[in-house]
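The structure appears below as structure tokens.
The values are calculated or read from the model by the stated rules, or taken from the named source; none is laboratory data. Bear in mind the structure is a predicted one, so any value in this text is a computation, not a measurement. Positions of Cβ are backbone-derived with ideal geometry, glycine not excepted, and every protein chain shown enters the neighbour counts. Each accessible area value is taken on the protein alone, full model and side chains, heavy atoms only, with ligands, DNA and RNA left out. Shrake-Rupley method; radii C 1.70, N 1.55, O 1.52, S 1.80 Å.
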Amino acid sequence: MIWIVLLMAQAAVPSQTDRGQAVFLNAQTGCVNCHALKGQGTAVGPDLTGIGRLAPAAIAMGVRSTATQYVQNVKLKSRQAFPAMPGKKDEKGLSLYDLSKMPPELQVVQQSDIVSLTGSDKWRHPPSTGKLTDQEIADVIAYVRYAATGTKKAVAADEVK
């Protein structure tokens, strides 16, 4: 009888990968708004499958990264300005993901409507703004590693500081 109670209690507590998946897939603030992983998400930012084999500290460095090398400040003739991740360019125009919106909003803009497109030094990767705790980052990393490799391995909050 006691074993049944213990098993039920253990089943009621979400695993670290379950908690990480919940943070990753959160529709308002989750990584899934910009990144793809295991067939889910948006390919605005890099697909995270490739980083799943890295050490937790290396992944945490990317999570907290403020590198903005791909983000552009866009100014349009309409006086609209926003940080954007450029996408494809074709006869319809330039695809720009407006990073001031969450989730990022796709805008297709004619080249002739763009006043300037310059590198951004102000936009920050959302997790780098301090909204996630060390434990939440560890949980997300455990989920990313599990999704990429199929192996569940705990990640301690100390490993991601």
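General observations
- Residue satisfying all of: in the range 78-88; open to solvent by 80 Å² or more (accessible area, probe 1.4 Å) and more than 23 Å from the chain's Cα centre (by Cα); farthest from Ser128 (Cα to Cα) among these: Ser78
- Residue among Lys122, Lys153, Lys101, Lys75 that alone is farther than 18 Å from Gly45 by Cβ, assigned to a loop (DSSP other than H, G, I, E, B), of a type outside the set (A, V, I, L, M, F, W, C) and open to solvent by 30 Å² or more (accessible area, probe 1.4 Å): Lys153
- Residue list for the range 88-116, restricted to those being within 29 Å of Ile137 (Cβ to Cβ), free of Cβ contacts under 8 Å to residues at least 40 places away in the same chain and out of contact with any Pro (no Cβ under 8 Å at 6 or more places or on another chain): Lys101, Glu105, Leu106
- Of Ser112, Ser116, Ser128, all but one fail to be surrounded by fewer than 11 Cβ atoms within 10 Å (Cβ to Cβ) and part of a helix (DSSP H, G or I); the exception is Ser112.
- When the residues of the range 21-67 are filtered to those that are part of a strand (DSSP E or B) and at pLDDT below 90, the one that is surrounded by the fewest Cβ atoms within 10 Å (Cβ to Cβ) is Gln40.
- Ser78 being modelled with pLDDT under 95 and of a type in the set (S, T, N, Q): no
- Condition check for Val140: open to solvent by 60 Å² or more (accessible area, probe 1.4 Å) and either in contact with a Leu (Cβ under 8 Å, 6 or more places away or on another chain) or polar (S, T, N, Q) (or both): no
- Only one entry in Gly20, Gly39 is free of Cβ contacts under 8 Å to residues at least 12 places away in the same chain and not hydrophobic (A, V, I, L, M, F, W, C), namely Gly39.
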